[in-house]
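Presented below is the structure to which this report refers.
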Amino acid sequence: MVHVALKSISKVYPNGVRAVHPTSFDIQQGEFIVLVGPSGCGKSTLLRMIAGLEEITEGELSIAGRVVNDIDPAERDIAMVFQNYALYPHMTVYNNMAYGLRNRGMAKADIDAAVSTAATMLNLTEFLTRRPSQLSGGQRQRVAMGRAIVRNPALFLFDEPLSNLDAKLRGQMRIEIKALQRRLGVTSVYVTHDQVEAMTMADRIIVLNGGRIEQIGTPAEVYHQPASTFVASFMGAPPMNLLPAHYNGNGRVHLSETIHIEAPVSADYSGQVKLGVRPENVGIVDSSHPDALRFDLEFVEELGAGRLLHGKLGDSGLIVHIPHTDPIPGGEVYVGLPKSALVMFNHETGMRL
Amino acid sequence: MTVAAAPVLVSRSRARRKISWQTISDHAILIAGSLLMILPVFAAFMTIGASDVEISRHGMQFTDGSHLAENFDKALFTQGGFTGAITGSTMLLNSFILGIGFAIGKIIFGMMAAYAIVYFRLRFATFAFWVIFTTLLLPLEVRILPTYEVVHGMGLINTYTGLILPLVASATATFFFRQFFLSIPEELVEAARIDGAGPVKFFFDILVPLSRTMIAAIFIIMFVYGWNQYLWPTLITTDEAMFTLVRGIKQIYQSIDGGSDIPEFGRALALAFIAILPPVLVVVIFQSWFVKGLVESDK
């Protein structure tokens, strides 16, 4: 069931800057959508337009079957978690959570019940009388979550909620937020610039670049079948290898004069292309292998769980990820690029062929 | 060994002596400064205890006489002035009304003006702010005649309203509150919007409590400023029952005690001493708030 629908939503600031080009997508009931992209890609603007904090220049936004373009944020039945938590510093944790409910004229007993349920869920019961300044970063983040939960909204909005936490806590909160969202089943839109958060939390990822959608898809689709070179290089650490090559439509891709392999697709195109392959899909092979390509190993990066081999394939750089159980190859090294793991992009447009 | 150790000892003790000279000179300067500040007040207090005749003959006194209580009593409760309609305690009350009314008025106007400038997308908001700011160049003393004319025309001569109102529009308070509001994170405003707090609710539920320390700091500054107003109260109050302490002291000093031709020095000094106390007390009591308000923010 479509829960949130964006129809050609765009944003032009008064100074003429177009932050978001006409954008359309639907969000299903209970879905966890992550908007991801580099800074300035329009992801926050898009989220703020859904929240009603930013006016929609053109297009139509509907939440739960109701067009909300001209409806106040408070009336949109949404809740938002901010990057800096945005807790009211002079109010106790209880009052921070209860404030929105009071403004809605909810009865005191109902507020009590809602706050204590949320507090139990988030392990905040013992902190209800404290001020935000007496809490740790993770606890503050939970209070911000609590403030969103008590409202029982139709839609959760998250604006880079974990970027102020240290790496360990971030990993922990990531799991907590995801688990909470599963449990409550509330449709969520989550903005982040961190591709790990996007991969781990999303039901579907929307990759944005320069105010336009590059790709919408499940984490696996976005990772393995990137729609463009931008997505290929943005998602994944290290990113997908992109090797410049030539394709003349005869089923072979030429990485250089002498190196050529079977093309992954038969596209009606000939010209410059980029051949994409994830580092972990490149295999170390014997020189006797029919598709073995000579790899000049330059240096090795130790990751613990695996190793990254940096080197050159012909004239272009290539990163190979091997499991820690495999030995570091010595002497002449040959790699194989499995056809099923290859993607090919148009060199000019960056789009997948 | 001993030869090697000796120079270390010498240099260490030399360093210590250097520090102590520094300390002594620091303290001497501080003590001299403190005496400079305290002695006149001390002399005034001691002189209150002397009789008017003695003061007129020997000047300021540094030893306590026997008239201290008497002079304080006279200063506060004996009728004085040309019409004999005013006592020190009435003037004290008037001063409090002026000081508190002035401070609260400035805070209310300053906060509301700053709220409008910072949080509402007004056309020319920045321009309006700078217009307000330039009024710093036009203190009451510059515009005193037109202001008097306006207040007179409104029939507010000899009223508390006339005393306070022309002084409360304040660029200083507006400026301080504007800077403070600008430092409040935008996300807090947005969170409140999503929580359904309209402009009025946001102002009273969020902004006012957040500004507590700022309000306290501005209250202290403005209370002292209002308390010490001299020119405007002198112009606007012709009825002695409306006199404030700061302007009234002169009146008392000028009025000659019945019979003798000696001005009432003791009584005037007692009044002057009383006039110093409230600003001092306000600053001492609210000092920690004051520093907090100017230095740190509760965010």
Condition set at pLDDT 90 or above and basic (K, R), scope the range A:137-163, selection nearest to A:S62 (Cα to Cα): answer is A:R147
Which residues, taken from the range A:122-145, are under 31 Å from the mean Cα position of the chain (by Cα) and more than 11 Å from A:M97 (Cβ to Cβ)? A:N123, A:P132, A:S133, A:L135, A:S136, A:G137, A:G138, A:Q139, A:R140, A:Q141
In this structure, is B:F124 on the phi < 0 side of the Ramachandran plot and of a type outside the set (K, R)? no
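Are there helices (runs of 4 or more DSSP H) fully within the range B:44-160 with at least 2 residues that are within 27 Å of the chain's Cα centre (by Cα), of a type in the set (A, V, I, L, M, F, W, C) and surrounded by 13 or more Cβ atoms within 10 Å (Cβ to Cβ)? List them.
B:68-77, B:88-119, B:125-134, B:144-153
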Among (1) touching a residue at least 12 places away in the same chain (Cβ under 8 Å); (2) in contact with a helix residue (DSSP H, G or I) (Cβ under 7 Å, 6 or more places away or on another chain), which single condition is A:L155 missing? (2)
Is it the case that some residue within the range B:140-158 is out of contact with any Asp or Glu (no Cβ under 8 Å at 6 or more places or on another chain), within 14 Å of chain A (Cβ to nearest Cβ) and not aromatic (F, W, Y)? no
Subset of the range B:161-189 (residues that are polar (S, T, N, Q), surrounded by fewer than 18 Cβ atoms within 10 Å (Cβ to Cβ) and more than 12 Å from B:V118 (Cα to Cα)): B:T161, B:T172
Mind checking which pairs have a first residue in the range B:171-182 that is among the polar types (S, T, N, Q) and a second that is modelled with pLDDT of 90 or more, Cβ under 6 Å, 6 or more apart or different chains? B:T174/B:G110; B:T174/B:A113; B:T174/B:A114
How many of the residues in the range B:187-210 are within 9 Å of another protein chain (Cβ to nearest Cβ) and either outside any loop (DSSP other than H, G, I, E, B) or among the hydrophobic types (A, V, I, L, M, F, W, C) (or both)? 14
Determine, yes or no, whether B:T126 is within 30 Å of A:E54 (Cα to Cα), of a type in the set (V, I, T), more than 14 Å from chain A (Cβ to nearest Cβ) and out of contact with any Phe, Trp or Tyr (no Cβ under 7 Å at 6 or more places or on another chain). yes
Filter the range A:204-233 down to residues that are among the charged types (D, E, K, R) and buried (at least 17 other Cβ atoms within 10 Å of the Cβ) and give me whichever is nearest to A:Q29 (Cα to Cα). A:R204
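Based on this model, can you work out whether B:F181 counts as more than 14 Å from chain A (Cβ to nearest Cβ), under 30 Å from A:T92 (Cβ atoms), touching a Ser or Thr at 6+ places or on another chain (Cβ under 9 Å) and not charged (D, E, K, R)?
Answer is yes for this residue.
How about the range A:112-134: which of its residues are within 14 Å of chain B (Cβ to nearest Cβ) and in contact (Cβ under 8 Å) with a residue 24 or more places away in the chain?
Across the range A:112-134, the qualifying residues are A:A114, A:V115, A:R131, A:P132, A:S133.
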Check off (1) part of a helix (DSSP H, G or I); (2) within 30 Å of A:P327 (Cβ to Cβ) for A:E221 and give me the number that stays unchecked. (2)
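Every residue in the range A:122-164 that is outside any loop (DSSP other than H, G, I, E, B) and more than 27 Å from A:I27 (Cα to Cα), please. Explain how you work it out, then say what you get.
Step one: list which residues in the range A:122-164 are outside any loop (DSSP other than H, G, I, E, B), which gives A:125-127, A:132-134, A:137-149, A:155-159.
Within the range A:122-164, A:T125, A:E126, A:F127, A:P132, A:S133, A:Q134, A:G137, A:G138, A:Q139, A:R140 qualify.
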Residues of the range A:237-294 being touching a helix residue (DSSP H, G or I) at 6+ places or on another chain (Cβ under 6 Å), under 12 Å from A:N346 (Cα atoms) and outside any strand (DSSP E or B), in sequence order, are none
Single match in A:H347, A:H289, A:H310 (criterion: free of Cβ contacts under 8 Å to residues at least 24 places away in the same chain and surrounded by 11 or more Cβ atoms within 10 Å (Cβ to Cβ)): A:H310
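How about the range A:1-103: which strands (runs of 3 or more DSSP E) wholly inside it have at least 1 residues that are basic (K, R), surrounded by fewer than 19 Cβ atoms within 10 Å (Cβ to Cβ) and more than 12 Å from every other protein chain (Cβ to nearest Cβ)?
In the range A:1-103, A:2-12, A:18-28 are the strands (runs of 3 or more DSSP E) which contain 1 or more residues that are basic (K, R), surrounded by fewer than 19 Cβ atoms within 10 Å (Cβ to Cβ) and more than 12 Å from every other protein chain (Cβ to nearest Cβ).
The values are calculated or read from the model by the stated rules, or taken from the named source; none is laboratory data. Since this is a predicted model, take the numbers as computed values, not measurements. Backbone-built Cβ (ideal geometry, glycine too); neighbour counts: all protein chains shown.
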